[in-house]
1. Treating only the Cβ atoms of Lys and Arg (+1) and Asp and Glu (-1) as charged, compute the dipole magnitude of the chain about its Cα centre; round to the nearest 20 debye.
2. Expressed in nm to one decimal, what extension gain is obtained for the pair ASN13 and LEU116 from 0.36 nm per residue of sequence separation less their Cα-Cα distance?
3. Take the chain, connect every pair of alpha-carbon atoms lying under 10 Å apart with a spring to form a Gaussian network, then pick out the residue of PHE56, PHE46, PHE137 with the largest mean-square fluctuation.
4. Hey, could you pull the Cα Rg and Dmax for segment 34-104, both in Å?
5. Mind listing the phi-derived Karplus ³J(HN,Hα) values for segment 90-100, rounded to whole Hz, using 6.51, -1.76 and 1.60 with θ = phi - 60°, and x for any glycine or proline?
6. Rounded to the nearest Å, what's the spacing between the alpha carbon centres of segment 188-217 and segment 102-162? Just the number, please.
7. So what is the calculated 222 nm ellipticity per residue for the chain, using -39500 (n - 2.57) for each DSSP H run with n of 4 or more, over all residues, to the nearest 500 deg cm²/dmol?
8. Placing one identical point scatterer on every Cα of segment 24-224 and ignoring solvent, what is log10 I(q)/I(0) from the Debye formula at q = 0.07 Å⁻¹?
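Bear in mind these aren't lab numbers, they're just calculated from the coordinates by the rules spelled out. Quick caveat, the model's predicted, so the values are computed rather than measured. With ideal geometry, Cβ positions are generated from the backbone for all residues, glycine too; neighbour counts draw on all protein chains shown.
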Amino acid sequence: MSWFQLDPASIANRARSGEATAAVPSLGASLGRGILGFTAVSVAGFAPWVFLGHWFHRHIGEAGLYAVCALPFIGLSGLLLHRLIIGSGSLGRFYSLFGIAFAAYSVAWIAGWMTLRGHPGSLAGLFAGAVVMGGIFAHAFDARSAAWKVILALFILNAAGYFVGGWIEGALIPIKECAVFGLALPRTLQVTVAKLQWGVCYGIGLGAGLGLAFYICQAKARALLGGKTEAA
């Protein structure tokens, strides 16, 4: 049984019965929408840590800080990513599905990180998050046979963006002097820029993973619709 009427037959029926022919995203379009949309969401989600991280950490703790960061991810994602779902009514369905999936992902990531810490904790959290998020997606779209593909797509691409972003941030922060167009940047601005670019890299990685995951999950729906897709 699928969730939120996201099984292949329901998606195909909504796409056929819509007032206008529903756009069926191609792989390229899904990846592009996922990357561009989730990168914007990610920068907003990283902002509480970048600008008020110390204040939140002091008053509500580390887990509380991560919970605050999760709110923009959930709140803004639907506006920019709901078209990853084929057919009408995608906004409400995306919010319902992604709200559950990202909350579960966040809990799994926090558990992994706070248990092991460092790179092992990050890796464990990212893998646990991919498992629960991918499993939820696959169940919701009645695509359980493809769950392993969805989990791998989310884990590999998310981990790539996360660790590349962390490496760049670690490389930039030790730099004592930095100039843009010949103008020296204040130390605090350098740190802010370094942290925000981590959000950009994370957004690119998980955004690509989300685009690919939704594309995989809707393979049967596309087949029912004749395999027609919009251009990338």
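1. That gives the chain a dipole magnitude of about 200 debye.
2. 32.5 nm
3. Between PHE56, PHE46, PHE137, it is PHE56 that shows the largest mean-square fluctuation.
4. Using the Cα atoms of segment 34-104, the pair Rg, Dmax is 13.6, 45 Å.
5. The phi angles translate into 6, 5, x, 5, 5, 4, 4, 6, 5, x, 5 Hz.
6. What the calculation gives is 15 Å, centre to centre.
7. The helix contribution divided over the chain gives -27000 deg cm²/dmol.
8. Per q value, in the given order, log10 I(q)/I(0) is -0.21.
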